[in-house]
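Bear in mind that the values in this text are calculations on the coordinates, not laboratory data. Keep in mind that what you see is a predicted model, and the values were worked out from it rather than measured. Every residue, glycine as well, gets a Cβ built from its backbone with ideal geometry; the counts of neighbours run over all protein chains shown.
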Amino acid sequence: MTPKTVIRSGYGIFYGEPDSISHDGDGVFFNQAPAFTEISFQTDRLLQPALIVSQGFPPGLVPATQLRANVGARSSYPFVPSQYAEEWFFDLQRQLPLDSLVTISYAGSGTHHLMQTLDANQPLTPAAGAVQSRRPLPFFASINLRSPLGNAAYEALSAKFEKHYSKGLIMLVSYTWSHAIDDAIETDTNATGDGLQNNYDVARSRGNSVFDLRHVFVSSVVYDLPFGSGRTWLNRHGPLDWLLGGWQLGGIVTMRSGLPFTPLLSTDVSNRNHQPSEPRRQWKPFLRADAGPLVRSFGLYHSQPIHLWK
């Protein structure tokens, strides 16, 4: 725009291969029943072993030539679209006096076709009774389906002040206000959290990402102390220069807001083979007027079976 003002903008699409299929060995990449069968034996290993290896396996177990009831399975789509991410940015930069400049930026991204792990054999609705008898395919246990249904979005506004090195001082101050949203399964990303609320309605799990940091402030500074050869004070060679010259004073300050969370129940409340479960009410934390500085409680906020932080 002018010799001291610059505008930048960009957009890109980046494609990736969902390596989680080969990583988890789903579908044709995994040995499944009856060719591969896992059989467990409950036993007291010290006093009353249920099985002694030297005596062989009980008859009828191996070789496994047919499917057994309540066996799990893995599956995947015959065609998986390429996952891709769209990224864009726009920033305005202005040069300031004293060898400094300021940058105001907007950045965003959208990621699509993230791999999700679904239980394709989950009971359709909450109800009483045995979970196995209410599955769409009651002969099977869980059927883990790798599905490219995941989506994520990120948007951020940021401001940055930079002072280039002059007169012994260099400084960088930045602040970012952002929001990350996804419907990805937290257990698939090795993050502590929850799976899908409803395997037949992925959009229901859309909410704040587990790594969503709304506010981040970072500041760093380095200052050459004015002592020693070539500096303002004690500008001479000798023992004092060796002892006091060439020192720098620096520091980094980082402040950020906390991460979102959802309270979970350790029991399968819906009786749909879904654990942990979300509470039936949304909770919003508050500080009681009569509570001490470290005492907090939770209060009812809204009676809907949805995630906590929206």
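Quick notes on this one:
- Cα-based convex hull volume of region 220-265 per residue, rounded to whole Å³: 78 Å³
- Here W233 and S166 are evaluated by their C-beta separation; at R0 = 22 Å the FRET efficiency comes out at 0.75.
- Using the Cβ-Cβ distance between V222 and L96 with R0 = 25 Å, the FRET efficiency computed as 1/(1 + (r/R0)^6) comes to roughly 0.85.
- Formal net charge of residues neighbouring A130 (Cβ-Cβ distance under 13 Å; K, R +1; D, E -1): +2
- Ranked K163, K4, criterion: other C-beta atoms within 10 Å, fewest first: K4, K163
- Least to most buried among M115, M171 (fewest other Cβ within 10 Å first): M171, M115
- Gain on full stretching of the segment that runs from T103 to T267 - 0.36 nm per residue minus C-alpha separation: 54.1 nm
- Spin-label proximity, Y11 to region 64-88 - amide N less than 19 Å from point 7 Å beyond Cα toward beta carbon: 84-88
- Rounded Å value of the spacing that divides the Cα centres of region 130-181 and region 76-99: 14 Å
- The three principal axes of the C-alpha atoms in region 113-260 carry coordinate ranges of 89, 30, 25 Å, sorted with the longest axis first.
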